[in-house]
1. Just checking: which of the helices (runs of 4 or more DSSP H) contained wholly in region 141-196 hold 2 or more residues that are in contact with a Cys (Cβ under 9 Å, 6 or more places away or on another chain)?
2. Of all the residues that make up region 185-227, how many are at pLDDT below 95 and within 23 Å of the chain's Cα centre (by Cα)?
3. Do the conditions hold for Ile220, that is, is it assigned to a loop (DSSP other than H, G, I, E, B), of a type outside the set (Gly, Ala, Ser) and in contact with a strand residue (DSSP E or B) (Cβ under 7 Å, 6 or more places away or on another chain)?
4. Can you confirm whether Gly178 is under 28 Å from the mean Cα position of the chain (by Cα) and either small (Gly, Ala, Ser) or at pLDDT 95 or above (or both)?
5. Looking at Leu124, is it out of contact with any Phe, Trp or Tyr (no Cβ under 8 Å at 6 or more places or on another chain), of a type outside the set (Asp, Glu) and at pLDDT 95 or above?
6. So which residues in region 152-176 are more than 11 Å from Lys125 (Cα to Cα) and not small (Gly, Ala, Ser), if there are any at all?
7. Among (1) polar (S, T, N, Q); (2) exposed (fewer than 13 other Cβ atoms within 10 Å of the Cβ); (3) more than 17 Å from Lys219 (Cα to Cα), there is one condition Thr166 misses while meeting the rest; what is its number?
8. Pairs needed: first member in region 150-177, hydroxyl-bearing (Ser, Thr, Tyr); second member anywhere, assigned to a helix (DSSP H, G or I); C-beta distance under 8 Å; at least 6 residues apart or different chains.
Amino acid sequence: MARDGKTRFPQTNAEQEEMTVVILRFKGGGETLQKGFDTVSQALAALGPPATIHRKPALPAKGATAPSITDHVPGTDGDGATPEVVTPDGVEPEAEEVEAVEESAQSAASGARKYTKPKYDDNLKLDAGDVPFKEYCAQKQPGTDNDKYLIAAAWLTKHGGHPSFTASHLFTCFRANGWNEQVDFMQPVRLMKLKKSYFDKATGKSWKLTQVGMDAEDKIAPKPPQP
């Protein structure tokens, strides 16, 4: 049987379709590139509504935002209908979720996390009760920042008339006594609540010193008497 050097196979309709991919490269200033982009966009829009190709998304790296699995290419999807945009979990994205992702990305790009600093409370009477705050501190010998938080909370509870106190109350005590203030001011209180049970939430934004915290504050060594 004679052969003409070419193997012939029956062609299906799918095999007879063509796809042409053109890569355009523009060079020039910002205005020139923008004009070129606008020209290409108009040409693609004239071809018809975009078709949607669904493909299995690659697993994102740990901590990364999962990419959309909807790609748009010029052409139609056969019936001319506008394709539905889907997310990796099959649920349409909501505006609130998008805003949260954008806010998280902006926070990461901006660098260090920002903390809200409590305000100094002018209405807090540091000389209230039988023992003024500075005198009470003079009777103690705080060795750590945790000791300072316990001393301030104990004075507020026993002498300051605030069995439940706020971050501003503690901050006012620190500022009045000249103690160093941490960037995340209430972090030691949260950690002592979690790991030691020294503090607990009262109501709303108020805190209270637990009995365990009271006992720990009582054990802070007092300063030795001056000769």
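1. Working: elements: 145-158, 167-177, 187-195.
Those helices (runs of 4 or more DSSP H) span 145-158, 167-177.
2. The qualifying residues number 2.
3. It is true that Ile220 is assigned to a loop (DSSP other than H, G, I, E, B), of a type outside the set (Gly, Ala, Ser) and in contact with a strand residue (DSSP E or B) (Cβ under 7 Å, 6 or more places away or on another chain).
4. no
5. yes
6. Matches in region 152-176: Trp155, Thr157, Lys158, Pro163, Phe165, Thr166, Leu170, Phe171, Phe174, Arg175.
7. It fails just one condition, (2).
8. Thr157/Met214
The values are calculated or read from the model by the stated rules, or taken from the named source; none is laboratory data. Since we're looking at a predicted model, the values are computed, not measured. Glycine gets a Cβ as well: all are built from the backbone with ideal geometry, and neighbour counts include every protein chain shown.
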